[in-house]
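Written below as structure tokens is the structure these notes are about.
The values are calculated or read from the model by the stated rules, or taken from the named source; none is laboratory data. Note that the structure is predicted; figures quoted are calculated from it, not measured. With ideal geometry, Cβ positions are generated from the backbone for all residues, glycine too; neighbour counts draw on all protein chains shown.
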Amino acid sequence: MPRLLLRCLLFVGALALAGSAVAAPAVDLVGYYRMPANSLVRPAQEGVVVVAVYRCATDEFCGRIAARGGLPDADLHNPEPVSRARSLCGLDILAVEIPLGARDAALKGNLYDPRTGGDSAVELYAGSNGDLHITEQPTPSSASARLEEVWQRVTPPASSCDRPSSIS
């Protein structure tokens, strides 16, 4: 009887370890990224906008404005009138789901543009140098070309908005 119990415990332990290894995504986007001039969110005349990407769930990354550059203080163009007074500083603008076993495949997510109050579907992947490559996906109502850009990994900004606690 003890031998059977020991085998059962070893089997359950092996399953638990295998499950945790499968659940851990291989991609890690956590860090700070500077948006390029004429970005999907930042026009050329505005200052440096930095986004802090952090893990907001087991299978999701989020991106929060860490330095707003020349963006306004408030979310003035939000389609929801009650949200127009909220600060852009610390506002989540990026949500990316991580499928199990994701390695080199492009990840899918949404990017909020505070200049227009609109969301865009995006695909993104981490480049070999740590930069974040983002491609806006065309909508069914728009046959326009896909916009592509690279967000450069940077150190945390000296004067920053509220930092997510999970960013180091």
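Being outside any helix (DSSP H, G or I), within 23 Å of Ala37 (Cβ to Cβ) and at pLDDT below 90 is the requirement here; does Arg115 meet it? Spelling it out, Arg115 is indeed outside any helix (DSSP H, G or I), within 23 Å of Ala37 (Cβ to Cβ) and at pLDDT below 90. The set of residues in segment 90-107 being assigned to a strand (DSSP E or B), at pLDDT below 90 and either aliphatic (A, V, I, L, M) or crowded, with 16+ Cβ neighbours inside 10 Å (or both) consists of Leu107 alone.
Residues of segment 62-89 that are closer than 19 Å to Glu136 by Cβ, surrounded by 15 or more Cβ atoms within 10 Å (Cβ to Cβ) and either of a type in the set (Gly, Ala, Ser) or more than 21 Å from the chain's Cα centre (by Cα) (or both): Gly63 alone. Answer with yes or no whether Arg42 is modelled with pLDDT under 90 and closer than 30 Å to Ser159 by Cα. Taking the combined requirement at face value, the residue satisfies it. In the set (1) surrounded by 18 or more Cβ atoms within 10 Å (Cβ to Cβ); (2) modelled with pLDDT of 85 or more; (3) under 13 Å from the mean Cα position of the chain (by Cα), Asn110 fails one condition alone, (1). Residue selection: Ser87 fails the criterion of being closer than 23 Å to Gln152 by Cα, of a type in the set (Ser, Thr, Tyr) and touching a residue at least 12 places away in the same chain (Cβ under 8 Å).
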